[in-house]
Structures are given as C-alpha cells and as structure tokens.
Amino acid sequence: MTEVFLGTIVLEPNRWFGVTHDRWGTTAVSAWLDAIAAAGFDGIELWESHFRDADPEERQAILDHPLPVSVYNTYVSFDDEADTDRDAAAELIRVTGAPKVKWNTGPDRDEAALDAYAARLGRFAAALPGVELVCECHDGSAMDDPPAAARVLAAGSRALFHTHDDPDLIRAKFAAYGERLTHVHVNHLFTGSPKLTDIRDELTEKIGLARELGFDGTWTLEFVHGTGGDHDEPAPMLAQAIEDLAVLRELLG
C-alpha cells in the first residue's frame, strides 16, 4: 500500500506567524500522534520547528511514539556559505531517525549560485549517510526550473512535486529528473485549499499522470481546507486531514 504521511505543519496555526511572533511552532505535536496514527496515516512529516524548538520532554515524546517520523521538513538555509546551521539541522535529523528530509534552496539562480547550492547540498548529504534528501523545488526558489533543479540535484538529492502543479510542469519535472521524484506534497493552497472530495477529478488526473510517468513514491498531506481560515486550529485541521486521507487512499487504490 502506498504510504501517506501527515505534515505536522497542518496542525500549526502559527506557520506564517499569524498568531505570535515570539516563537514559530505553538502546537505540541505529541498530543496529536495517537489520533494521527488511529486515522491510518503511515507516519508524519515533522515540521522542523515542532522538534527543533520543542522542550526536551516534547522531543522525547515524539521520539518514543510508535508513529514514525517518516520525513523531516527542514527550512535550514542553503544560501549561507558556512555549514554551521546545516550541520545543526543534520544533527537533529539524525536524532529523529527520519529516513527522508525535505529541504529548499533560496531564489538565486545564476550559474555561480547553482554551483554553490550543489556544493552545500553535497556536504549536507555527506553529513546524513543513508538519508534520502528530497528537494521541494518550491515555487520562487532557484529549483522551480526543472533543468536548473536537475543540475543541483545531481549533487545528492531527490525531489518532490505538488498536486497543485500544472500537468505540463509535472511532465517537465519528470523529463528533467524523473527517477529522482520520490515524494508528493498534496497541497492546493494556491487555489484556495479545497477539500479533496471537491477536486476528485483533478486529483485523479494528477495521480494517473504521475503513475504513467513512472512514479511510485510517498505522499504527504501538507495543507488542507481551512488553512489560514477562522478555524485554523489543530482539531479541525486534523479532522479535515482525516477526511482528505480517505479520499486520497481511495484514489491511490
């Protein structure tokens, strides 16, 4: 069965500092792990702040829970020349035992910047032997251009695509680095974060296209309907994620 994870960023109302500016993560993820597991998720994609900024008790509660940290979602900068912050992130990743790490570059995309990203990526990968690095290739980053991304990914990373990506962009990503695509973020934030039941046809098309192009990877529910709305709190966000999980499981077969 295809593995589907819950991104803990779903549970975080302060993901964009809309609640408080004195800290980033405000949700104790450990309090929700039993419910996430009971819903049938195969693991979590742990948003970095939910672990890095947690107290020792919260960290240990996450580590002790049987639901695995399947992906560690880092936002550590790849624009800094020094490896200090990336080395610190790598240490936390090793602590969680996550087999996959999602990362991003910044926006600089000239040849010198791409070469620098590749060099930093190579050192980051060397610090995490046996861990699969997965570039988000996020819109607005240097990696949103598939040929540029392929040049950097060759230094030691795989990649993901988003379900909001246009079919032509998905095809371009597979053409540029198809075998490196191993993960998907289910994210329709740019089109209003609809419930998956309301975009079944679109999602069916994207799943079919990905499989036609050879994809057989993992999936994370990254954002859900209600994100950024009046009821953007852990309980209703998890309830929506559970509803979306049922739709996604059905379509994945």
(message) Just the residues that are part of a helix (DSSP H, G or I), in contact (Cβ under 8 Å) with a residue 12 or more places away in the chain and either of a type in the set (F, W, Y) or within 14 Å of A246 (Cα to Cα) (or both), please, taken from the range 199-233.
(response) R200, L203, T204
(message) Condition first: crowded, with 21+ Cβ neighbours inside 10 Å and either touching a residue at least 40 places away in the same chain (Cβ under 8 Å) or touching a His at 6+ places or on another chain (Cβ under 8 Å) (or both). Now tell me which residues in the range 122-160 satisfy that.
(response) F124, V134, E136, V152, S157, A159, L160
(request) Mind listing whichever residues of the range 118-151 are farther than 20 Å from E45 by Cβ and in contact with a Ser or Thr (Cβ under 7 Å, 6 or more places away or on another chain)? (result) A142
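Inside the range 100-135, can you point out the residues that are among the acidic types (D, E) and modelled with pLDDT of 95 or more? Before you say what the answer is, go through the steps one by one.
Our first condition is that a residue be among the acidic types (D, E); within the range 100-135, this holds for 108, 110-111, 115, 132.
Selection gives D115, E132.
Do we find a residue being part of a loop (DSSP other than H, G, I, E, B), surrounded by 18 or more Cβ atoms within 10 Å (Cβ to Cβ) and not hydrophobic (A, V, I, L, M, F, W, C) anywhere in the range 168-187? So that I can check it myself, show each step before the final result.
Quick first cut of the range 168-187, residues part of a loop (DSSP other than H, G, I, E, B) only: 187.
Now drop any that are not surrounded by 18 or more Cβ atoms within 10 Å (Cβ to Cβ), which leaves 187.
After this cut, where a residue has to be not hydrophobic (A, V, I, L, M, F, W, C) as well, the list is 187.
Yes, the conditions are met somewhere in the range 168-187.
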(request) Spot the failing condition for V95; the list is (1) touching a Ser or Thr at 6+ places or on another chain (Cβ under 9 Å); (2) among the aliphatic types (A, V, I, L, M); (3) part of a helix (DSSP H, G or I), and only one is missed. (result) (1)
(message) Just the residues that are open to solvent by 10 Å² or more (accessible area, probe 1.4 Å), in contact with a strand residue (DSSP E or B) (Cβ under 8 Å, 6 or more places away or on another chain) and of a type in the set (S, T, N, Q), please, taken from the range 188-223.
(response) T218
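In the range 78-117, which residues are among the acidic types (D, E) and farther than 30 Å from D42 by Cα?
Initial filter on the range 78-117 (among the acidic types (D, E)): 79-81, 83, 85, 87, 91, 108, 110-111, 115.
If the condition is that a residue be among the acidic types (D, E) and farther than 30 Å from D42 by Cα, then D79, D80, E81, D83, D108, D110, E111, D115 are the ones that fit.
Hey, can you tell me all the residues within the range 227-248 that are within 13 Å of L6 (Cα to Cα) and either open to solvent by less than 50 Å² (accessible area, probe 1.4 Å) or among the acidic types (D, E) (or both)? Talk me through it step by step, then tell me what you get.
Initially, the range 227-248 is screened for residues within 13 Å of L6 (Cα to Cα), giving 234, 237-246, 248.
P234, M237, L238, Q240, A241, E243, D244, L245, L248, listed by residue number.
The values are calculated or read from the model by the stated rules, or taken from the named source; none is laboratory data. As the structure is a prediction and not an experimental result, all values here were calculated from the model. Counting neighbours? That spans all protein chains shown, and the Cβs are built from the backbone with ideal geometry, glycine included. Note: accessible area is taken over every heavy atom of the protein model, side chains too, but ligands, DNA and RNA are not part of it. Shrake-Rupley method; radii C 1.70, N 1.55, O 1.52, S 1.80 Å.
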